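The values are calculated or read from the model by the stated rules, or taken from the named source; none is laboratory data. None of these values were measured; they are calculated from a predicted model. Backbone-built Cβ (ideal geometry, glycine too); neighbour counts: all protein chains shown.
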Amino acid sequence: MSETTGGVEFDEDSAGVVKKFMFVNRKAPYGTVYALEGLEVVLISAAFDQDVSMVFMDDGVYELIKGQHTKSINVKNFSPTYRALEGYDIEKLYVDKESMDMRGLTVDNLIVPVEVLTAAEMGELMDQQDVVISF
Amino acid sequence: MLHIVNKSPFENSTLDSCLRVIGATKGGALLLTEDAVYAATKGSAVEAKIKAVSGNVLVYALWPDLEARGMQDMCIDGVKFVDYGGFVDLVAEHNSVQSWL
Amino acid sequence: MKFGIMVNEGPYTHQATDTAYMFAKAALEKGHEVPRVFFYHDGVNNSSSLTDPPQDDRNIVNRWSKLAEDHGVDLVVCVAAAMRRGITEGNLAAGFRISGLGQLVEAGIQADRLVVFGD
């Protein structure tokens, strides 16, 4: 069992197969666990050399807000982990334009560089995926 | 792509977000399951939104969930019904599947 | 066709695990394979051997165990999510095993479709 691959002996069935994985985040951080545990899946996926994209829509865009200080709610601040994704070769981060606009946010509010997509562009990107995991 | 929504449109904005994306693309299908079957109700505030995307995608509702909720006689014309076997077929027929959570 | 399944919610509180089970059962009845069901977030609670629901209601945990027994479905519970929620080898129902998130990614790679059931 390999810790880096999350308990998987990488066998011949999987070796060499590269699929487009999209992770969809639509929930805000801290109010529920989905953002944190979702990020843990993305980090593990890095070990499998797949073509990974992360999409932030609706309240999911709040996961990327700069300046999160969680000491007073006594919960781990995991937002720095989004900056570490680049080191894992996970660089395709997309936010939904309308979700940002509705919330009065711009890319300057965010902790990492992202590409802003319209609904049509988002739909097209989603259609290209092999595996879509939502949390 | 097969899009699956399972929350009531009156509870949260999941269906709205899904419709916004699929409304801007062509092809694919939308399957309403669990509490999202309420979106298939004739005469509801959501009917127009469902009809608006019906030109782009095929809209399905999971029949067992409609029946469980007593909504089986109140559906929008044109929404197709599937059972769990049909649900499986839909997933198999489309090249990918996305659950909107 | 091979279907991978992900279950993100626990028994009884959300319908997700019911829908996932009914989907898995229908897929198997149609002659498809369901090699793995991966339980994440509160979904790990589907593996608790301590549940004791009313007799006149479905037994969600046992139902999954039976699916594993009858069809060889690999029921995997995420170790990190399980540890957070108090699911251990000591209270794991039959047919389930605890392992890492890599099992989910592997299911995504090896299956023809991965279907997620959650909230």
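The set of residues from segment C:10-35 being within 23 Å of residue C:109 (Cβ to Cβ), in contact (Cβ under 8 Å) with a residue 60 or more places away in the chain and surrounded by fewer than 22 Cβ atoms within 10 Å (Cβ to Cβ) comprises just one member, C:35.
Rundown of residues vs (1) within 20 Å of residue A:110 (Cβ to Cβ); (2) in contact with a helix residue (DSSP H, G or I) (Cβ under 6 Å, 6 or more places away or on another chain); (3) of a type in the set (Asp, Glu); (4) buried (at least 16 other Cβ atoms within 10 Å of the Cβ), yes/no style:
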residue: A:23; (1), (2), (3), (4): yes, yes, no, yes
residue: A:37; (1), (2), (3), (4): no, yes, yes, yes
residue: A:61; (1), (2), (3), (4): yes, yes, no, yes
residue: A:84; (1), (2), (3), (4): yes, no, no, no
residue: A:88; (1), (2), (3), (4): yes, yes, no, no
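Scan segment B:1-56 for residues that are within 11 Å of another protein chain (Cβ to nearest Cβ), surrounded by fewer than 24 Cβ atoms within 10 Å (Cβ to Cβ) and under 20 Å from residue B:71 (Cα atoms) and the total you get is 5.
Results for (1) touching a strand residue (DSSP E or B) at 6+ places or on another chain (Cβ under 7 Å); (2) away from chain B (no Cβ under 12 Å); (3) at pLDDT below 95; (4) surrounded by 19 or more Cβ atoms within 10 Å (Cβ to Cβ), shown as yes or no for each residue.
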residue	(1), (2), (3), (4)
A:97	yes, no, no, no
A:104	no, yes, no, no
A:109	yes, yes, no, no
A:117	yes, no, no, yes
A:120	no, no, no, no
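Do you know which residues across segment C:25-44 are in contact with a strand residue (DSSP E or B) (Cβ under 8 Å, 6 or more places away or on another chain) and more than 9 Å from chain B (Cβ to nearest Cβ)? Can you show your working first?
Step one: filter segment C:25-44 for residues in contact with a strand residue (DSSP E or B) (Cβ under 8 Å, 6 or more places away or on another chain), giving C:27-28, C:32-40, C:43-44.
Within segment C:25-44, C:28, C:33, C:34, C:35, C:36, C:37, C:38, C:39, C:40, C:43, C:44 meet the criteria.
Being out of contact with any Phe, Trp or Tyr (no Cβ under 7 Å at 6 or more places or on another chain), within 27 Å of residue A:95 (Cβ to Cβ), assigned to a helix (DSSP H, G or I) and touching a residue at least 24 places away in the same chain (Cβ under 8 Å) is a condition met by at least one residue of segment B:28-44. Tell me, please, whether a residue that is among the β-branched types (Val, Ile, Thr) and in contact with a Pro (Cβ under 6 Å, 6 or more places away or on another chain) can be found in segment B:21-44. No, there is no match, as no residue in segment B:21-44 is among the β-branched types (Val, Ile, Thr) and in contact with a Pro (Cβ under 6 Å, 6 or more places away or on another chain). When segment C:73-98 is filtered for residues that are surrounded by fewer than 19 Cβ atoms within 10 Å (Cβ to Cβ), touching a strand residue (DSSP E or B) at 6+ places or on another chain (Cβ under 9 Å) and of a type in the set (Gly, Ala, Ser), only C:86 remains. Looking only at residues of segment B:76-90 that are surrounded by 22 or more Cβ atoms within 10 Å (Cβ to Cβ) and β-branched (Val, Ile, Thr), we find that the one that is nearest to the other protein chains (Cβ to nearest Cβ) is B:88.
Any chance segment C:8-15 includes a residue that's assigned to a loop (DSSP other than H, G, I, E, B), within 9 Å of another protein chain (Cβ to nearest Cβ) and among the charged types (D, E, K, R)? No - not one qualifying residue is present in segment C:8-15.
Please determine, by comparing only the residues of segment C:36-52 that are more than 26 Å from residue C:114 (Cα to Cα) and touching a helix residue (DSSP H, G or I) at 6+ places or on another chain (Cβ under 7 Å), which one is surrounded by the most Cβ atoms within 10 Å (Cβ to Cβ). Steps first, please.
First, pick out the residues of segment C:36-52 that are more than 26 Å from residue C:114 (Cα to Cα): C:49-52.
Now restrict to residues that are touching a helix residue (DSSP H, G or I) at 6+ places or on another chain (Cβ under 7 Å): C:49-51.
Values: C:49: 15, C:50: 11, C:51: 17.
Here the answer is C:51.
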